[in-house]
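Engineer: The structure's right below; bear with me while I get my questions together.
The values are calculated or read from the model by the stated rules, or taken from the named source; none is laboratory data. Note that the coordinates shown come from a computational prediction; the quantities given were computed from them, not determined experimentally. Cβ placement follows ideal geometry from the backbone for every residue including glycine, while neighbour counts extend to all protein chains displayed.
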Amino acid sequence: MLAVKQILDQDPSPGQFLLTGSADLVTARVVADALPGRVEYVNLWPLSQAEVSGSLASVVDALFAGQPPQVTGAPKGRAATAELVVAGGFPDALCRTARQRARDFRSYVQTVLGRDLPEIGQVRIDPSKLEQLLRVLAARTSGLVNYSALGRELALDDKTVKAHLELLRQLFLLCRRPRRSSAPPCGAACPAEGAGQRAAYRA
């Protein structure tokens, strides 16, 4: 990053670099300079259902324009959406069968924890502990976070749970949002919890 900084200090023209990664460089301890004021950070989210279906329509843009989307003829009920929820929005995973997709999600989590954890300066953290915590969290998707309850289930104290949650956030395996309503696990959270289409339907 320091080498990139030196080049940008000499020539601040935009568009010279496209840097990608699966960890939050802004808060990573091992990154000497996150290049504030020199770069733009963009979080690349999974595909939306509109993108999966090949539609160019933007629900968010339509809502802000005062034009709520009109859906007609679409199947209704949880059974109709359970498969979509479990499939998630990872492009590679969408091209696989349900069994292949579950293996792909598990492999992704294991790879990120094994490869990126040391790169953000956490060489003493046991990846298996984070994977256990992620599995427990997957069963609580869209629920309120109770550090004490998580600690009791994993035999960890509250401070350790909070620190581990921050690591999962830095690795983009966890996204914290204000609670609005409960929702079933989706995408990578399903194999993490051991859930499938039937579990998503029952949720």
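Engineer: Only one of (1) among the hydrophobic types (A, V, I, L, M, F, W, C); (2) modelled with pLDDT under 85; (3) farther than 27 Å from Ser22 by Cβ is not met by Leu63, so which one is it?
Structural biologist: (2)
Engineer: Is it the case, given these coordinates, that Ala80 is modelled with pLDDT under 80, among the small types (Gly, Ala, Ser) and surrounded by 14 or more Cβ atoms within 10 Å (Cβ to Cβ)? Show your work before the answer.
Structural biologist: Numbers: modelled with pLDDT under 80: yes; among the small types (Gly, Ala, Ser): yes; surrounded by 14 or more Cβ atoms within 10 Å (Cβ to Cβ): no.
In short, no.
Engineer: Based on this model, can you work out whether Ser107 counts as closer than 30 Å to Gln132 by Cβ and touching an Asp or Glu at 6+ places or on another chain (Cβ under 9 Å)? Spell out the reasoning first.
Structural biologist: On the way: closer than 30 Å to Gln132 by Cβ: yes; touching an Asp or Glu at 6+ places or on another chain (Cβ under 9 Å): no.
Answer is no for this residue.
Engineer: Tell me, which helices (runs of 4 or more DSSP H) lie completely within region 100-203 with 1 or more residues that are within 24 Å of Ala87 (Cβ to Cβ) and either out of contact with any strand residue (DSSP E or B) (no Cβ under 8 Å at 6 or more places or on another chain) or at pLDDT 80 or above (or both)? Can you show your working first?
Structural biologist: Values: elements: 127-138, 147-154, 158-170, 189-193, 197-202.
So the answer is 127-138, 158-170, 189-193, 197-202.
Engineer: Taking region 83-93, which residues are exposed (fewer than 15 other Cβ atoms within 10 Å of the Cβ) and either over 20 Å from the mean Cα position of the chain (by Cα) or touching a residue at least 24 places away in the same chain (Cβ under 8 Å) (or both)?
Structural biologist: Correct list: Glu83, Pro91.
Engineer: Looking only at region 119-144, how many residues end up being within 19 Å of the chain's Cα centre (by Cα) and either more than 22 Å from Phe105 (Cβ to Cβ) or surrounded by fewer than 13 Cβ atoms within 10 Å (Cβ to Cβ) (or both)? Walk me through how you get there before you give the answer.
Structural biologist: Here is the first cut: in region 119-144, the ones within 19 Å of the chain's Cα centre (by Cα) are 119-120, 127-144.
If we keep only those that are either more than 22 Å from Phe105 (Cβ to Cβ) or surrounded by fewer than 13 Cβ atoms within 10 Å (Cβ to Cβ) (or both) too, we end up with 128, 143-144.
So the count comes out to 3.
Engineer: While we're looking at this one, here's another question. Working carefully through the options Ala57, Ala34, find the one that is outside the structural domain of Ile7 (by TED's automatic domain parsing), more than 15 Å from the chain's Cα centre (by Cα) and at pLDDT below 80.
Structural biologist: Testing whether each residue is outside the structural domain of Ile7 (by TED's automatic domain parsing), more than 15 Å from the chain's Cα centre (by Cα) and at pLDDT below 80 leaves just Ala57.
Engineer: Could you go through region 36-50 and let me know if any residue there is surrounded by 11 or more Cβ atoms within 10 Å (Cβ to Cβ) and touching an Asp or Glu at 6+ places or on another chain (Cβ under 7 Å).
Structural biologist: The answer is no, given that none of the residues of region 36-50 is surrounded by 11 or more Cβ atoms within 10 Å (Cβ to Cβ) and touching an Asp or Glu at 6+ places or on another chain (Cβ under 7 Å).
Engineer: Right, here's the next one. Restricting attention to region 51-77, which residues are surrounded by fewer than 10 Cβ atoms within 10 Å (Cβ to Cβ) and acidic (Asp, Glu)?
Structural biologist: Asp61
Engineer: For region 82-99, enumerate the residues that are under 20 Å from Leu134 (Cα atoms), in a helix (DSSP H, G or I) and small (Gly, Ala, Ser).
Structural biologist: Across region 82-99, the qualifying residues are Ala87, Ala93.
Engineer: (1) modelled with pLDDT of 80 or more; (2) surrounded by fewer than 17 Cβ atoms within 10 Å (Cβ to Cβ); (3) among the polar types (S, T, N, Q): which one isn't true of Ser22, the others all being true?
Structural biologist: Answer for Ser22: the failing condition is (1).
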